[in-house]
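Novice: Quick one: this structure, given as structure tokens, is what I'll be asking you about.
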Amino acid sequence: MLIALSPATPAIRPAPSLLVLKWAYRLMIDHNGHRSLLQRLGFDDEGLAADLGLAEMTGSNAYDPIRALLRLKHERQAFDQAFPAPDYPDRLRDNLLALGDLIGLDRVGQRLLGLGVLLQTEPLLGDAAGHLGQLGLNRTLRVLASLLDTPEEDFLPYLYDEGCLARHGLLEINARPGSVLGLSERLVARHPERLKLLRFGRHPAELLTQACR
């Protein structure tokens, strides 16, 4: 059974990885997620706003949507200058590379799977993606291309059940005709627990063998 990714919400929100912060800024600014986040009288999600560097404007009279957008753009610029090329968290990166060797997963597939894993395991990314609202397939591909620095057409082999990720029971892009879904619903996991293990597992060889069953 296919299960749409549903980001976990732990009792204590973990510090986001640098790559997730980079993607969250892109979603907010490049893909207009700020239009949902920055409401007239305050933030729609104060936790997300704080993670993006706007904590001093939450729960106070200092909030103004125009000032908040300017501050958000400033925080994004400062982040990009400080961290121009953040990578996947170490354990996830190593597991993705090992999976590439095991099943012949190419660079695009590794990046796409890494995004799916982080959507499920890092609340900040799921929250930011939620502010995009409902996406058609074309907009989904534009967002994926932007986040993963990959041409849109390179994702076409991963639609439906045709791609390497889907054949090995990991992930697919939901591209069913007429569907309009959130980003987390567009990336569908066949076995969500495997995605969590790719993020946190200590024994990648055993995990990857299970993924191919």
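Where a number appears in this text, it was derived from the coordinates with a stated rule and is not lab data. All of these numbers come straight from a predicted model, not from anything done at the bench. Ideal geometry is used to build each Cβ from the backbone, glycine not excepted, and the neighbour counts take in all protein chains shown.
Novice: Could you pull out every residue, at least 5 positions away or on a different chain, whose amide H is within less than 5 Å of the one on Leu187? Hs are placed 1.01 Å off N in the peptide plane, and Pro or chain starts have none.
Specialist: Here the answer is Leu5, Asn174, since their amide H atoms fall under 5 Å of that of Leu187.
Novice: Oh, and also: Hey, can you grab everything whose amide H is under 5 Å from the amide H of Leu171? Only 5+ residues off in sequence or another chain; H modelled, so Pro and N-termini drop out.
Specialist: So Leu171 has HN proximity to Ala166, Arg190.
Novice: Which order do peptides 94-100, 21-27 fall in by mean Cβ count within 10 Å, highest first?
Specialist: Result, highest mean first: 21-27, 94-100.
Novice: Using the Kyte-Doolittle scale, which helices in the chain average at least -1.0 and also have C-alpha atoms spread 18 Å or more along the helix axis, with helices defined as whole DSSP H runs?
Specialist: Length and hydropathy pass: 65-82, 90-103, 107-121.
Novice: Further, regarding this structure: Counting Lys and Arg as +1 and Asp and Glu as -1, what is the net charge of the other residues whose Cβ lies under 10 Å from the Cβ of Asp30?
Specialist: With Lys, Arg at +1 and Asp, Glu at -1, the net is +3.
Novice: Once Rh for the chain is found with the Kirkwood sum over Cα pairs, what is the Stokes-Einstein diffusion coefficient at 20 °C and 1.002 mPa s, in µm²/s?
Specialist: Using the Kirkwood radius from Cα pairs, D works out to 121 µm²/s.
Novice: Calculated FRET efficiency, Leu41 and His74, Cβ-Cβ r, R0 22 Å, to nearest 0.05?
Specialist: About 0.50, to the nearest 0.05.
Novice: Given H placed 1.01 Å from N in the peptide plane, which residues other than close sequence neighbours of Gln39 have an amide H under 5 Å from its amide H?
Specialist: Asp44
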